[in-house]
Each structure stands twice: as C-alpha cells, then as structure tokens.
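Working notes, structure below.
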Amino acid sequence: MADASTRSRPPVPPAETIASGAGFGTFAGVYTPSILTILGVIMYLRFGWVVGNVGLIGALIIVTLATSITFLTSLSISAIATDRRVRVGGAYYMISRALGLETGGAVGIPLYFAQALSIALYTIGFAESVVNVFPNLNMKVVGIVTTVVIAVLAITSARMAIRAQYVVMAAIVLSLISFVLGRPVEPTSLELTGAAPRLSEGFWTVFAVFFPAVTGIMAGVNMSGDLKDPARSIPVGTLAAVGTGYVVYMILPIFLGLRADAGTLIEDPLIMRRMSLWGDAILLGVWGATLSSAMGSILGAPRVLQALARDGVLPRRLRFLGKGSGADDAPRIGTAVTLGIALVAVALGDLNMIAPILSMFFLTTYMVLNVAAGLEEFLQSPSYRPSFRVHWALSLAGAFGCLAVMFLINAVATVVAAVVVIGVYVWLQRRQMRTTWGDVRRGIWMALMRAALFRLGETAADAKNWRPHILVLSGAPTRRWHLIELADALTHGRGMVTVSSVVPEDFGDSARQVALEGTIREHLNKRGVQALVRLVSASDPFEGGKRLVETYGLGPLVPNTVILGDSEQPSHLASYCDMVASFHRACRNVVIMRDDPERGFGRRQRIDVWWGGLQANGGLMMLLAYLLRTGVDWSGAEVHVKLVAPNAQAAESAQANLESIIASLRIGAVARVIIADGRPFPLVLRQSSEDADLIFLGVAEPDENFAAYYTKLHAMVLGLPSCIFVLAGQEVAFSEVLL
C-alpha cells in the first residue's frame, strides 16, 4: 500500500525545470555516438559468420529487415523529438511525457540498469580481445582499469568524452579502409547461398545474432539534455547514423563473400583481420568499437538516472542523484554510482546469463517509443504537432517488429524482461505520483469513450444488457455515506456511479466548486469508491435536483437510477414529492433509502423484498436485491421474497407459484408467503420484517395525492430496520433482465 506521504505528495518537479545543455551539435552529440555503436563488435566478429551461414543474398535480406525496424523506430523518435523539447533522459523523457510517468519509469529504470551493466559487457569484451593479443595481462584487471578510465573521462567532461570518440571513429574508418583494400584469403566464387544446411544455422537464428548490431540509435538520443537543438539534431543525427550503417552493412557482405568460402567465414571470428591490407587495423577497430560503446553507455546511463531522480520516480532518499554539476549540468554523482555498478559487474566477470535480458530492455524501449509515437499520431490531439510527421501505421509496425525480434532472439529473456517492466509499473502506480504535464493516456480514453458513445447511440437499449447507472443525490457525502455505500454495493464494477449535490447559488465561483468536487473525489478514493462527482448550484435544492437529472449525462449514457435519502423535514415534503414525481416522469428509476441511524445495514444477513409481481417495481426490487447479494459486503445474505395471502388456502397455491418463479429467476432467494388472517398490511410488515437488515418496498406511481400517500408510507415503516422504497420509471422490462 502507498503511504500517506506518497498519496499527498505534490506534483513532482519535472526534469525540464533544471537547466541543461552542453551545446553539442548534430555530429558530435547524436551522429558520432550512434554510428560508433552501430558499427560495433558484431560487424568485426560476427558478420563473416552471418554471410557464411546464409550467403550474400540472405545477409542482405537480414541487414535490410533489421535496419527497417531500426529505421521505423528512428522515425518515431524523430516525430516525438520535433513535437516537444527533449531534455535530460532521452528515451525515458520521451516515453514519460507521452505515456505517463508510470510507463516511463517502468521502462526507464530497467533501461538505466541495462545501460550501466552494458558498460561491463563492453569493457569485458575489450579486455578479452586485449588479453588474446597480450596473454601476460590479467583480463579482470584490464577490464576494471578500462572501466575506471572511461568513467573518469565522462565525469571530467562530456565534451572530452565526445572528442575521444573521434579517435575511435578514426580507428574504425581506418579498419574499414584497410579491409576494402585487402585481399582474398583463398580462391573462391561469390557466396550467394551460404554453407550447406547441415553445416549452417537457420535464417532466424542468424537474424537474431545480427540484429543487436543495428540497435545503437539510443546512444545519441540519451544525450538529449546536452544538445544545442534536440529537435533538429535527434532526427538528422539518428537517421543519418542508421543510413550510414545500412550502406556499410550492405557493402561488407560483398567483400566477405568474394574473399572466403562459407566454411572459413563461419569458423574464423577474426576473418576480417586476415583479409585486410593491415590486419592489426581490425584489432584497432574492435577495440575502438567496444570502447566507444562503453563510452556511449557511461554517458547515457547517468543522464537517464538524473531524469528519473528529478521526476520523483526514484524514492525520496535517492533524489540527490538528480543533481547536476558545472555549467553543463553534468550528472557526476550519477556517473559515480553507475561506475560502481559497472565495476561490480566487471569483477564478477561473467554476464552471459543476463546479457540477453539487457538486450530485451533496449528493445522494449524501442517498442514503447514506437507505441507512443503511433498513439499520439493516431489520436490527433491538438497538442501533438510534430514538424516531422510519421503515419501511425509505420510506428506501430516498428513496435510489432521489435516485439517479434525479442521473441526471436530469446523468448525466455523476453518474458523475464516483461515481468520486470510490469513489476516496476505496478510499483510506481501504487505510489500514486502526480505530474505537472499531461500525457497521451487521457487522449486514449477520450477516443475510446467517443467511439463507445456513438456505438451505444446506434443500438437500442435492451434488457439483457441492462446495468445500473446511478446518480446519488447525497448532499455532503460524510453525512449520508449510506447512500453512496448502497450505490457502490449495487454496481460493484458493473455500472457507473455519480455522486452529486446541489450547492447554494451564493456558494462561490466555479473555481471553488471545482475545488469542492476534487475534495469529494479524494474522499471517495480514500474510501475505495469509484465514482464520478457532479455539483450544481441552485437557489432551491429540489429545483436543482430536477435540473441535474434532466441535464446530466452524455448522449445515450445517462443515469437510469436515482438514489436519494428520505425527506427529513415535513415542511419540505411537498417539494420533495414533486421532485420524485419529476424523476419518474423523466423515466428514471427512483430508489429512496430511509436509514436507521442506529442499526444502519445491520448484520447484512437478511434482505426482505415485499413483492407484488414481476412487473415494474417487483422486477426492479428483485434485481436490486440480487445485485446487493452478489457483492462482497452482502455475500452471505439471504433474500426473502415475501407475499401476503388472505388465508391458508390461498397461501398454499401462492407458495408453489412463488417458488416456481424464484427457481426460474436463478437468484437464490427464499419464498415466504405470509397469511394475513385479517391483519392489516402495516402490521404484517412490522411483525414479519422487524428482524431483517434491509427491507425493499414498492412505491405507487405519483399522482396528485402522492404527498399524502408518501406520508402514510413513511409512517408505516417507522421503527423498522433500514428501508428502500423502489419506484421503477425506466422503460425496461425488468422481468426480461431476470429471466
């Protein structure tokens, strides 16, 4: 359960309130980190294996398919980036502002840990390759030293870290030139189809191995808070990196297929080194690729952590992680924490078990970004005006592509990642955090509501789909809580409840009225009641009640039942009865509750329904009693359906008839036929129902003498347990609802 402090917490201060921006341009801030992550280890150590297994044609298809998914995600990112200023947090910032804080945090927290642990993956990979060349070195020591060096570089200055990546880019470019100018390792013809099926892996297995090579687009997006112009740099830099990577990956298979046969390509991970003009340039490329990927993660992860802390997603004691340092607002504290996590992972030395799950978190981020952009475009909210527009179908295609790839790579890891993300989402939702920005969720509900309302309006109401939609005239909820409790017990998730009240015209301006509605809504939430709240102002409360029932609702969705309390002042009886009659004329069912203040609902063990037949009031009373008994609070209650017979002979046939009807209704009620034996009905009622917890009685249709009738009805039940007077006004055959 969320504690009181979290429920009453003021809106969290958004990350955008903090000054940020080191002023990086498109090339330095987005293109460079993205392309260095795309042209990574898989290109050097696994691309020959890809070509060997599926051949040139298969490799080109895999590259095109994989890049298409990344390209669609890049389009979605570009659309979001050009709709709003993307500040610290990159993908987390985009998702939280589009789909809400809970969804953003559910993706952002695992994404942070995935990036932090991926630093260790890259530095361990770097250490392994270095030790292969220099066997006398200790791999763990090399990994730890490398991790500390890149972290110190990131803490010292993000600008220096970006400049260091230029050196890495130069090494990668040099390695590619050396490869293109190289030579075949053996005479061969162009490998179009790959190795024989018995010696090679399947197409989708190879696709799963290659796909992570094209997922480096987040490296640039994560620098969003340090960009001079994110709206321009993110689309241009990201799409340029994807395009460059695609060109490189489409050219390399041709050289690989011309220079070695399928078996050699599969067996030798460093086949590119043997093909190159200067073989050691490939080693420089491998080292540069691992270091640049680690650098991208050490720059991006702390910025996600910084945004999570500033938005209040992290617990209060961790808010210090949102602090920035220096003129560029660098997350130095966050970088130090990230370094600690990475060093622990490097010391353990084996991340093979969790590496697939880390990939799932990255792909989950891409998928959710696509969903966010697709929903925003589909809903066409006036606030969503990106300068880079993408059709919603393309974004959703990208989302489905990401999901499919996740299952292709590792179905178990996909499920584990989904469980983690859902767990974080539920945790954040239970904290009931409030934000100072809107998101797309309200737009989704608005669109669904619009479609549902028009659909409801196209079809006539039918008895089989009847639900109680209740308008409670409660006044102050704390004074007449039993009315709200009754409405909640009757609906329990099957209908809608609106708690309403009439306030004096001199109550105050609309702002005060809105504030009171918010107070009532908060009170309902604390008591666990889901209900809408509606207040109207009027000089006379009874006229206000009439106006509320006449005007409240939207299209076909209007309250069909009005619950109100008994008239407490004789001087108001005429106006009260006139209001009840107006509700009946408006074809609303009226449920009047006369509460016993001492006993309330008693033990909730017995409900007496005084029945006169299935038509009108009788059918509605049986239905309401059934709805009560199927709720949690009244689950152990017995419904006694009572009928008065003048003598024993009439009682015998009435008992059989009543039992037959109840059996056909399947409501689990008990038939009780009472012999009047000359007693008036008020006396029979008093003697038979004095031990009940709740009594249902039908009300005659209002006429010119309704006030006098109601006075007699009121006197008849004085001293009895809580009573509910039922007046059916809706043009629905309630017998058909029951049968």
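Every read-out reported here was derived from the displayed coordinates using simple, explicitly stated rules and does not represent laboratory data. Just so it is clear, the model here is predicted, and its values are computed rather than measured. Cβ placement follows ideal geometry from the backbone for every residue including glycine, while neighbour counts extend to all protein chains displayed.
Below are the figures for this structure:
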read-out: Evaluated over the stretch 102-189, the Cα radius of gyration and Dmax, each in Å; value: 18.0, 58
read-out: Whole-number D in µm² s⁻¹ for the chain, Kirkwood Cα-pair radius fed into Stokes-Einstein, 37 °C, 0.692 mPa s; value: 107 µm²/s
read-out: Viscosity 0.692 mPa s, 37 °C: Kirkwood-radius Stokes-Einstein D of the stretch 201-340 over Cα pairs, µm²/s; value: 180 µm²/s
read-out: Pairwise FRET efficiency - residue 427 versus residue 686, Cβ, R0 = 56 Å, nearest 0.05; value: 0.50
read-out: Residue 670 paired with residue 701, simple spin-label distance in nm, labels 7 Å along Cα-to-beta-carbon; value: 3.5 nm
read-out: Charge context of residue 606, other residues only, Cβ under 10 angstrom, K/R +1, D/E -1; value: -2
read-out: Net lengthening on full extension, residue 514/residue 615 (0.36 nm per residue, minus Cα-Cα); value: 32.2 nm
read-out: Residue-count net charge about residue 550 - beta-carbon cut-off 12 Å; Lys, Arg +1, Asp, Glu -1; value: +3
read-out: Two-site FRET efficiency, residue 280 against residue 141, from Cβ-Cβ distance with R₀ of 22 Å, rounded to 0.05; value: 0.45
read-out: Spin-label pair residue 133/residue 521, simplified geometry with 7 Å Cα→Cβ offset, distance in nm; value: 6.3 nm
read-out: Pairwise centroid distance, computed over Cα atoms, of the stretch 572-628 with the stretch 211-266, Å; value: 70 Å
read-out: Number of Lys pairs (Cα under 27 Å; 8 or more positions apart or on different chains) in the chain; value: 4
read-out: Highest to lowest packing among 528-535, 168-175, 676-683, scored as the average C-beta count within 10 Å; value: 168-175, 528-535, 676-683
read-out: Relative contact order, percent, the stretch 464-738 [alpha-carbon distance under 8 Å, six or more residues apart]; value: 21 percent
read-out: Segment residue 185-residue 718, extension gain: residue separation times 0.36 nm, minus the distance between their alpha carbons; value: 181.4 nm
read-out: Helix 411-430 axis, angle to the chain major axis (alpha carbon atoms, nearest 10°); value: 50 degrees
read-out: Ascending count of other beta-carbon atoms within 10 Å, so fewest first, for 228, 526; value: 526, 228
read-out: Sorted largest first, extent of the stretch 464-738 alpha carbons per principal axis (Å); value: 66, 38, 36
read-out: Inter-label distance, nm, simple model (7 Å from Cα along the C-beta direction), residue 599/residue 632; value: 2.6 nm
read-out: Under 14 Å, Cβ to Cβ, from residue 129 - net charge with Lys/Arg +1 and Asp/Glu -1; value: 0
read-out: By average C-beta atoms within 10 angstrom, highest first, the peptides 628-634, 576-582, 51-57, 113-119; value: 113-119, 51-57, 576-582, 628-634
read-out: Residue exposure sequence - 481, 611 - by fewest surrounding Cβ within 10 Å; value: 481, 611
read-out: Protection-proxy order for peptides 214-221, 706-713, each taking the mean of Cβ atoms within 10 Å per residue, highest first; value: 214-221, 706-713
read-out: Dipole of the chain, positive end: most advanced residue of 545, 492, 423 [Cβ charges, Cα centre]; value: 423
read-out: Folded to 0 to 90 degrees: helix 541-551 orientation relative to the chain principal axis, Cα; value: 50 degrees
read-out: Theoretical FRET efficiency, 1/(1+(r/R0)^6), r = Cβ-Cβ of residue 677 and residue 391, R0 51 Å, to 0.05; value: 0.05
